[in-house]
Amino acid sequence: MRIRWYGEAGNHQGMVPIFLELKSREGFASSKQRQRLLASAEHLELGRLGGGIVSKTTLIDTLARFGHHPELPLQPIIVISYWRYRFNEMLTGMRVSFDYNIRSSVVTPELGYGERELRLQGGVIEVKGPTLELPLTIRRMRLLDTDWSRFSKYGYCIESHLSQPGTGGRLWPSGRMVLP
């Protein structure tokens, strides 16, 4: 479950459109349910995220409409931000995104080593579309001549915060790395 908003949190005033999302995955198939809501810009400030962005009632009611009923209370864990370039392959509708400058800050104080913000090195290429087969136009791009696998920015950022500072590879997304 995540809450997503677009733009820098400090650049908003008043009410900000947010999206409460519930992602599910079974094997290679994934689904996402999404509800647009409004939240106070004050609740999006890093120092206030631990208190939640929406009320618990709104959170529970929205998740119930998605058919999800958590057994334990939910609490904010981490905030992740990144910059994205997005491209569309016109013949098939395949979407390619390049996410970089991936930064994370733990919101739950007892998690991790107390570091305010970590920044992952490199970037992540996401390819999304109706099939696992890459269209010929995308296969020819030199940029995508690399190994591919599932990658969770959330999972990797959590893992980075839980890894002891100084651990090798702690801030590098998995996959093939090309060093300058």
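Nearest 10 degrees is fine. How inclined is helix 56-65 to the longest principal axis of the chain, computing both from alpha carbons? Result, in degrees: 50. The mean sequence distance of close C-alpha pairs (under 8 Å, at least 6 residues apart), as a share of the length of the range 78-162, puts its relative contact order at 30 percent.
For the range 2-65, the Cβ-based charge dipole about the Cα centre amounts to some 280 debye (Lys, Arg positive; Asp, Glu negative; other atoms uncharged). This model, with +1 at the C-beta of Lys and Arg and -1 at the C-beta of Asp and Glu, gives the chain a dipole about its Cα centre of some 440 debye. Across the chain, the mean sequence separation of Cα contacts (distance under 8 Å, 6 or more residues apart), normalised by length, yields a relative contact order of 14 percent. Eigenvalues of the alpha-carbon gyration tensor of the chain, scaled by 5 and square-rooted, set the equivalent ellipsoid semi-axes at 29, 22, 16 angstrom, largest first. Helix 153-162 and the long axis of the chain differ in direction by around 70°, with both axes built from C-alpha atoms. Annotation for the range 10-83: GluC sites (Glu not before Pro) lying in DSSP loop with at most 16 further Cβ atoms inside 10 Å of their Cβ are Glu45, Glu71.
For the range 2-65, the Cα-based Rg and Dmax, in that order, read 13.0, 41 Å. Rounded, prolate or oblate: pick one for the range 34-139, where a ≥ b ≥ c are the square roots of the eigenvalues of its C-alpha gyration tensor, a/c under 1.5 means rounded, and failing that, prolate if a/b is larger than b/c, else oblate. Oblate.
Read the figures in this text as sums done on the coordinates, not as results from a lab. It should be emphasised that the depicted structure is a prediction, and the values quoted were computed from it without experimental measurement. Heads up, the Cβs are rebuilt from the backbone with ideal geometry, glycines too, and the neighbour counts pull from every protein chain shown.
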